[in-house]
Amino acid sequence: MISGVIVVVIFWIGWVSSNPADEKAMATFVSVEGLIQQNIDKRTKLGGLVKDGSIQISETNHLDCTFILKEGQTELSVKYNRTRPDLFKDGAEVIVTGQYLNGTFYADELQTKCASRYEGDLRDKNSYNLTEIDT
Amino acid sequence: MTPIAGGVALNMAFGFSILTVLTLIIYTRNGDQRLYLTGHRLALGISFFVFLATFILSYQLIISNFDLDYVARYSSLETPTMYKISALWAGQSGSLLFWLFILSVYTTITTIQNQNKHNRLMPWVIITLASVQMFFLVLTNFVTNPFMPTEADFVVANGNGLNPLLQNVTMAIHPPTLYLGYVGFSVPFGFAISALMNRDTSPLWIQSIRRWTLVAWLFLSVGIILGGWWAYQELGWGGYWAWDPVENASFMPWLTATAFVHSIIIQEKKDMLRVWNMVLIILTFTLCIFGTFLTRSGVMSSVHSFTASSLGPIFLTFVFFILVVSFGVMYTRMNDLRSPRKMESFSSRESGFLFNNMVFVVMCFAVFWGTLFPVFSEAVRGTKITVGPPFFNQINVPIGFILLALTGIGPLLAWRKTGKKNLIRNFTFPILSGLIAAIIFILIGLEANVVISFSLCVFVTATVLTEFARGIRARTNKFDESIITALTRMVSKNRSRYGGYVVHLGIVLMFIGFTGHAFDKEKEFSLKVGENDHVAGYEFELIRLFESERPNYYAWVSDLRVTDDNGNFVTNLHPEKRVYFHRNPDPNRRQPHSELDIHSTLNKDIYSVFSAVDNENGVAFIKIMVNPLVRWVWIGGYILVFGTVIALWPRKDS
Amino acid sequence: MDFVRDYGFILILFILPVIFVLQPLFLPNLGKQENPMDDKALKRKKLLIYRQIKELEMEFDMGNINEADYHATRKELKQEVSKVISQLTPKN
């Protein structure tokens, strides 16, 4: 009976891993270059720097925001319309999650890496992974 | 006292740990009492030097000696004294030393407490604990030494300072609590290994670790809850649990430990499940080490590479070593572990416990799978796929329901075999109340998961109450006591049992809180003074917006007036936008931070975040979340602590 | 004075523990100590079995155990406890 339960559980977990009910359950990490070249329309996660002077914030609701994400030499325009993290600014290292559509990346998650003041240290900060939760 | 003494203390501790292990291993071979005495004192010596090193580092933090790299990184002149001390566990090397410190406290208590008890078990217990100390001493001596001098050719005038997110009372006590839990499982693990080495697998050793296990479990639980509470109070995304790798790292050992806490009852009473208990305690301890590794090595947080820290391989080697050695020893002792008794019936208390254990382990495996999925997917397919909360929820919500149901079913089953008559008598009232509740919730129009969760909560509460009622009735019939006397005597004579039931009630309350998440409402908007906006039946008006400078930060403070639909005043909320280190000439080094404000009631929390300010136009950007029932998670936490304390309270006769 | 202060600390903090640890090795041989089950462990075992009997009675009163099982287990436990008592040193 125990082995039966184990088999069922493994199949179930495997099935959920390959067919998650919510499309936001998983995101593939890709490079900006790879995303543009292969025109991936699945949910993806990108990392890069915010290009200096590229942040534009809507005058009307102050939430809609576009900026240019740079990874190496590749640039990509990103749209984001939720509350921005405290450390989001020119030159900040960010991770965005969302979907690529017609040359623009529509992000619904924006995470910042931490300020230079804590460079390298923050990862170790207090058993808490700030880069992952500082959204 | 110079920092050099700290380094030397760590060297000495390392040397002592090697000597302890050698001396005691020789003792187990030749039985010379002098060796045992020396080994015993050596073990105390390790701890003494660790205490000394910890004391020196804390002192350096307090006097702000920036010649030490660690002090310069995690403290500064402005850091309040309390947080200077908590900087001890803010960074990698300090927190490893702190781990070692707690382990040394536990080792000292165990060594002294059992000096004259368990003479056969103690040598191997000390050997095991000293080996774990040795591992952390290797790390703090040779890999990340907290006493490294600052690498600068100038005098460091001021340190980096502690991250403002960590300048918070909860965050100062959350890591120590969690560590007290993690490290606490070393002691039961030591006894388990010792029992194996001595081929002593009678329930007696289980008795001697029962209380240790509960203490460790309590600290781990409280640590996890505090972590959630901190995230909720400080991080501003309105939740307390995000299935973050670091959270999972503490949740996995909690799951196996909870299974262990239950299954040792069976070994104690029935002398069954010996192998299973060994497996559980080995897994729990390994997961504690693995959890420390996940939080400390940077494996999960680094985005592009897995080799961010040299700690990774060393930790993995140690984890592998523990597993191979423990299971290796266990394999050679399989004959001793064979239990004299067998499960007799599917519908017995024993099999209820076993089933609950399996579900805990399954849940642990699911969390493990999800946490390491990015690593697996990269290894197998070459693409790194990250897994978000929806994945964990999809798998763990049903498992959580099964566990909740078992919480109710288990106590109603009789030992060995539940007769049909008993089955009907015990289950009628709880099942009826669960069903009636379910019908009511369906009629109200709640969604499926919510109906299941709430009805199970009613069912479990009903079973716990019937358990108490039946116990009281049995006593009042037999001894002619009043209900109150019967209750207090019954609880005080069966502390672990009724304490356990109280913990179950706490868990039920926490589930009620988790379920409230289904009704969360959220809205982001911008306001000028005098303007208002509406969220979930509340109106938010910005009455004032002013600036204020305080000792270690600069703040924009908002004053939001909250009224309900009928125009009745509810509360004033004052979320702030702060800039820490605002006097720093380098703007990149100033750190903005949103200090949120919560209006909390039993029914719902109104959660406000001041996310940004537009100075020129006097506009505040506000995020409001209305989160029903969150309070019950924390209340459940208090009940859980209360129940565990009942179970732990010492009896006069022992 | 500084010299005495600094090295005094070192003496106390680093040398004394070493002496403390080595001291037992210079004792005369204490011989091997055989530890079958000592009295304390046995007394503890006795206490535990007594508690199990009490709990069994409670389970029975609450109806969690049927009559036949109850009597059988109770008898088993009583036998066990008398075995433990007979092993205890007869001085008390």
Condition check: within 26 Å of B:ILE598 (Cα to Cα) and more than 12 Å from chain A (Cβ to nearest Cβ). Does B:VAL626 satisfy that? yes
Among all residue pairs at least 6 apart or on different chains, which show Cβ distances below 9 Å where the first residue, located in region B:281-296, is farther than 19 Å from B:SER221 by Cβ and the second is assigned to a helix (DSSP H, G or I) and at pLDDT below 85? B:PHE293/B:LEU311; B:PHE293/B:GLY312; B:ARG296/A:ASP124; B:ARG296/A:SER127; B:ARG296/B:GLN92; B:ARG296/B:LEU311
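Yes/no matrix, rows are residues, columns are (1) free of Cβ contacts under 8 Å to residues at least 60 places away in the same chain; (2) touching a Cys at 6+ places or on another chain (Cβ under 6 Å); (3) charged (D, E, K, R):
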{"position": "B:LEU316", "(1), (2), (3)": "yes, no, no"}
{"position": "B:SER326", "(1), (2), (3)": "no, no, no"}
{"position": "B:VAL329", "(1), (2), (3)": "no, no, no"}
{"position": "B:GLU350", "(1), (2), (3)": "no, no, yes"}
{"position": "B:ASN356", "(1), (2), (3)": "no, no, no"}
{"position": "B:VAL362", "(1), (2), (3)": "yes, no, no"}
Given the criterion within 24 Å of B:ASN198 (Cα to Cα), crowded, with 22+ Cβ neighbours inside 10 Å, out of contact with any Cys (no Cβ under 7 Å at 6 or more places or on another chain) and not aromatic (Phe, Trp, Tyr), identify the matching residue among B:THR38, B:THR111. B:THR38
Could you run through region B:609-626 and say how many residues are small (Gly, Ala, Ser) and either at pLDDT 95 or above or part of a loop (DSSP other than H, G, I, E, B) (or both)? 1
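For region B:594-611, which positions are away from chain A (no Cβ under 14 Å) and more than 12 Å from B:VAL557 (Cβ to Cβ)?
Our first condition is that a residue be away from chain A (no Cβ under 14 Å); within region B:594-611, this holds for B:597-606.
Once the filter is applied, which keeps residues that are away from chain A (no Cβ under 14 Å) and more than 12 Å from B:VAL557 (Cβ to Cβ), region B:594-611 yields B:ILE598, B:HIS599, B:SER600, B:THR601, B:LEU602, B:ASN603, B:LYS604, B:ASP605, B:ILE606.
When the residues of region A:35-87 are narrowed to those that are acidic (Asp, Glu) and within 14 Å of chain B (Cβ to nearest Cβ), which ends up farthest from B:VAL609 (Cα to Cα)? Give the derivation first.
Going through region A:35-87, the residues acidic (Asp, Glu) turn out to be A:41, A:52, A:59, A:64, A:71, A:75, A:86.
Going one step further and asking which of them are within 14 Å of chain B (Cβ to nearest Cβ), we end up with A:52, A:59, A:64, A:71, A:86.
Numbers: A:ASP52: 27, A:GLU59: 20, A:ASP64: 18, A:GLU71: 31, A:ASP86: 11 Å.
So the residue we want is A:GLU71.
Given the condition touching a strand residue (DSSP E or B) at 6+ places or on another chain (Cβ under 9 Å), at pLDDT below 95 and farther than 29 Å from B:SER202 by Cα, answer yes or no: does some residue in region B:69-78 qualify?
Going residue by residue through region B:69-78, those that are touching a strand residue (DSSP E or B) at 6+ places or on another chain (Cβ under 9 Å) are B:69.
Filter again for at pLDDT below 95, leaving B:69.
Still in the running and farther than 29 Å from B:SER202 by Cα: B:69.
Yes, there is a match, as at least one residue in region B:69-78 is touching a strand residue (DSSP E or B) at 6+ places or on another chain (Cβ under 9 Å), at pLDDT below 95 and farther than 29 Å from B:SER202 by Cα.
Tell me the residue from B:ILE224, B:ILE266 that is touching a residue at least 60 places away in the same chain (Cβ under 8 Å) and either closer than 25 Å to B:HIS517 by Cα or buried (at least 22 other Cβ atoms within 10 Å of the Cβ) (or both), please.
Values: B:ILE224 fails: touching a residue at least 60 places away in the same chain (Cβ under 8 Å).
Criteria check complete, one pass: B:ILE266.
Condition check ((1) more than 30 Å from B:LYS420 (Cβ to Cβ); (2) crowded, with 18+ Cβ neighbours inside 10 Å; (3) more than 9 Å from chain B (Cβ to nearest Cβ); (4) modelled with pLDDT of 80 or more) across all residues:
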| residue | (1), (2), (3), (4) |
| --- | --- |
| C:PHE26 | yes, no, no, yes |
| C:GLY31 | yes, no, no, no |
| C:LYS40 | yes, no, no, no |
| C:LEU47 | yes, no, no, yes |
| C:ILE53 | no, no, yes, yes |
| C:GLY63 | no, no, no, no |
| C:ALA68 | no, no, yes, yes |
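Looking at region B:233-242, which of its residues are in a loop (DSSP other than H, G, I, E, B) and within 10 Å of chain A (Cβ to nearest Cβ)?
Filtering region B:233-242 for residues in a loop (DSSP other than H, G, I, E, B) gives B:236-242.
Hits for region B:233-242 are B:GLY236, B:TRP237, B:GLY239, B:ALA242.
One line per residue, one yes/no per condition, for (1) facing another protein chain (nearest Cβ under 10 Å); (2) touching a helix residue (DSSP H, G or I) at 6+ places or on another chain (Cβ under 9 Å); (3) not in a helix (DSSP H, G or I):
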{"site": "B:LEU354", "(1), (2), (3)": "yes, yes, no"}
{"site": "B:CYS364", "(1), (2), (3)": "no, yes, no"}
{"site": "B:VAL367", "(1), (2), (3)": "no, yes, no"}
{"site": "B:LEU372", "(1), (2), (3)": "no, yes, no"}
{"site": "B:PHE376", "(1), (2), (3)": "yes, yes, no"}
{"site": "B:ILE385", "(1), (2), (3)": "yes, yes, yes"}
{"site": "B:VAL397", "(1), (2), (3)": "no, yes, no"}
{"site": "B:PHE401", "(1), (2), (3)": "no, yes, no"}
{"site": "B:GLY408", "(1), (2), (3)": "no, yes, no"}
Exactly one of B:ARG583, B:ARG590, B:ARG631 is modelled with pLDDT under 85 and more than 13 Å from chain A (Cβ to nearest Cβ), and that residue is B:ARG583
Taking region B:447-481 as the search range and keeping residues that are more than 32 Å from the chain's Cα centre (by Cα) and outside any helix (DSSP H, G or I), which one is nearest to B:PHE401 (Cα to Cα)? B:GLU481
Failed condition for B:TRP241, given (1) surrounded by 21 or more Cβ atoms within 10 Å (Cβ to Cβ); (2) under 17 Å from B:ASN396 (Cα atoms); (3) over 8 Å from the mean Cα position of the chain (by Cα), with all others met? (1)
Restricting to region B:495-536, give me the number of residues that are surrounded by fewer than 18 Cβ atoms within 10 Å (Cβ to Cβ) and of a type in the set (Asp, Glu). 3
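B:PHE642: touching a residue at least 40 places away in the same chain (Cβ under 8 Å), touching a strand residue (DSSP E or B) at 6+ places or on another chain (Cβ under 7 Å) and of a type outside the set (Ser, Thr, Tyr), yes or no? Steps first, answer last, please.
Values: touching a residue at least 40 places away in the same chain (Cβ under 8 Å): yes; touching a strand residue (DSSP E or B) at 6+ places or on another chain (Cβ under 7 Å): no; of a type outside the set (Ser, Thr, Tyr): yes.
No, not satisfied.
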Region B:494-580: strands (runs of 3 or more DSSP E) wholly inside it with 1 or more residues that are over 31 Å from the mean Cα position of the chain (by Cα), touching a residue at least 40 places away in the same chain (Cβ under 8 Å) and within 30 Å of B:PRO80 (Cβ to Cβ) are B:538-550, B:553-564
The one condition B:LEU121 fails out of (1) of a type in the set (A, V, I, L, M); (2) closer than 30 Å to B:TYR70 by Cβ; (3) within 14 Å of chain C (Cβ to nearest Cβ) is (2)
If you check A:GLU23 against the conditions, is it exposed (fewer than 15 other Cβ atoms within 10 Å of the Cβ), more than 8 Å from every other protein chain (Cβ to nearest Cβ), without any contact (Cβ under 8 Å) to a residue 40 or more places away in the chain and in contact with a Lys or Arg (Cβ under 8 Å, 6 or more places away or on another chain)? yes
Name the single residue that is surrounded by the most Cβ atoms within 10 Å (Cβ to Cβ) among those in region B:11-27 being touching a residue at least 40 places away in the same chain (Cβ under 8 Å) and farther than 14 Å from B:ALA130 by Cα. B:TYR27
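The values are calculated or read from the model by the stated rules, or taken from the named source; none is laboratory data. As the structure is a prediction and not an experimental result, all values here were calculated from the model. Positions of Cβ are backbone-derived with ideal geometry, glycine not excepted, and every protein chain shown enters the neighbour counts.
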